[in-house]
Amino acid sequence: MKQKKLPKLQIIGPVYNEEEVIEDFFNRLIKTLDTLKNKYRCQVMFVVDKSTDDTILKLKKIAKVNKNVQLLFLSSRFGHQMSLVAGMDHSDAEVTIMMDTDLQHPPELIPKFLYEYENGNDIVLGIRNIPADKSFFKRLSSNFFYKILNFFADIRLKTGEADFRLISRNVLTVFKSQIREQNQFLRGLFSWVGFKKSLVHFNAEERYLGDSKYSWNKMFQFAGSGIISFSKK
């Protein structure tokens, strides 16, 4: 009797100047994916925004010894959101998970996302908890970001919603065939597009190497993009 083909799970990881953490991220990711090999055919796609450090060299070494790793190199600096769009455009999986590669999104949580998917959810959103030991300013600024966005925009985002998410092939098909605008504000689009959703709460780990790629200026631009895209006000 012919064995049934396992569904494909694609991990999309946008990368920009992560030479200090990319190997640690991949090692933790592959340990988690190894626990799923009896249920899914796992593949990792790194979408490399044009980097200026040794990220590309390290990724090529990873891909050379791991046949289930794909590298997608962008021709210019297009940014985090469009890196995710490029990854979706090149995915053909039944299940796609997007996550950052700086270890702020713990790979060990992937089975929780899959559990929600296996229970009938087409979109599983990662919600970042804001720990009480964070500085008052940090907690205030994070809450302010979501409050101002929800006030002006005609969508509602959960406080702490991150670009750590799972989507089914049904959702992927919609984005590949019908949502083709430039400068996509993905958190808003995944709220707007419908489908059955669930949430996975997580604690973001402290960044122990490398620097955050989101400056205050970029955060304001990000919020502005969401407001312009989803507000009539």
Checklist (1) touching a residue at least 24 places away in the same chain (Cβ under 8 Å); (2) open to solvent by 20 Å² or more (accessible area, probe 1.4 Å); (3) at positive phi applied to residue 158, failing item: (3)
Matching residues in region 112-145 - criterion: being modelled with pLDDT of 95 or more and of a type in the set (Phe, Trp, Tyr): 113, 115, 117
Any hit, region 195-212, residues being of a type in the set (A, V, I, L, M), open to solvent by less than 80 Å² (accessible area, probe 1.4 Å) and at pLDDT 85 or above: yes
Any pair with Cβ under 7 angstrom, 6 or more apart, that starts in region 103-116 at a residue that is in contact (Cβ under 8 Å) with a residue 40 or more places away in the chain and ends at one that is open to solvent by less than 50 Å² (accessible area, probe 1.4 Å) and in a helix (DSSP H, G or I): 103/25; 107/29; 107/32; 108/32; 110/32
Long-range neighbours under 7 Å by Cβ, at least six apart or interchain, first residue at positive phi within region 18-30, second open to solvent by 10 Å² or more (accessible area, probe 1.4 Å) and among the hydroxyl-bearing types (Ser, Thr, Tyr): none
Index of the failed condition, residue 36 passing every other in (1) at pLDDT 95 or above; (2) open to solvent by less than 10 Å² (accessible area, probe 1.4 Å); (3) not small (Gly, Ala, Ser): (2)
Breaking point among (1) free of Cβ contacts under 8 Å to residues at least 40 places away in the same chain; (2) within 18 Å of residue 38 (Cα to Cα), for residue 70: (2)
Checking residue 57 against (1) over 21 Å from residue 169 (Cα atoms); (2) open to solvent by less than 50 Å² (accessible area, probe 1.4 Å), the condition it does not meet: (2)
Residue, nearest to residue 130 (Cα to Cα), within region 147-191, restricted to residues that are part of a loop (DSSP other than H, G, I, E, B) and at pLDDT 85 or above: 179
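The values are calculated or read from the model by the stated rules, or taken from the named source; none is laboratory data. No experiment lies behind these values; they were computed from the predicted model shown. Note that we place each Cβ from the backbone using ideal geometry, even for glycine, and neighbour counts take in every protein chain shown. To get the accessible areas, we keep the full protein, side chains included, count just its heavy atoms, and leave off ligands, DNA and RNA. Shrake-Rupley method; radii C 1.70, N 1.55, O 1.52, S 1.80 Å.
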